[in-house]
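First comes the structure, then the notes that go with it.
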Amino acid sequence: MKGRKHTPEQIVRKLREGERLIAEGKTLGEVAKVFEISDYTYVRWRNQYGGLKEDDTKELRRLKDENGRLKRVVADLTLDNAMLREAARGNS
């Protein structure tokens, strides 16, 4: 069975709900079962997204998208630069 993909916003919401359930006396295993995830996944989410708010996750996603775009721009410019150098060598 293939696992589900959760958005960072969904993870933050589930972590908040999980904290509430744990405060009510549920165990970590019970909370993970409610969300249909493993204990390990819950702990990993908590370590990765524990201190974030929903707005922070949107900003994180925006920054990751921008970073990817900038990496593509740098790759394109590097390729253009290499082609110009090759053309300049050929003209000599």
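Every read-out reported here was derived from the displayed coordinates using simple, explicitly stated rules and does not represent laboratory data. The model shown is predicted, which means the values in this text are computed figures rather than measured ones. When we count neighbours, we look across all protein chains shown, and the Cβ atoms used for this are built from the backbone with ideal geometry, even at glycine.
A straight chain from residue 67 to residue 39 at 0.36 nm per residue would run longer than the Cα-Cα distance by 6.9 nm. Spatially close Lys pairs in the chain, defined by Cα atoms under 26 Å apart and a spacing of eight or more places or different chains, total 20. Its relative contact order, with pairs defined as Cα atoms under 8 Å and 6+ residues apart, puts the range 1-82 at 36 percent. The calculated 222 nm mean residue ellipticity attributable to helices in the chain amounts to -26500 deg cm²/dmol, summing -39500 (n - 2.57) over DSSP H runs of n ≥ 4 and dividing by all residues. Among residues other than residue 7 with Cβ under 12 Å from its Cβ, the summed charge is +4 (Lys and Arg +1, Asp and Glu -1). Between residue 74 and residue 46, take the C-beta separation as r, use R0 = 30 Å, and let me know the FRET efficiency to the nearest 0.05. Efficiency, rounded to the nearest 0.05: 0.30. For residue 60 and residue 22, the difference between the fully extended length at 0.36 nm per residue and the C-alpha to C-alpha distance is 11.0 nm. For the chain, which trypsin sites (Lys or Arg not before Pro) are both in a DSSP coil and crowded by at most 15 other Cβ atoms within 10 Å? The qualifying sites are 2, 4, 5, 26, 53.
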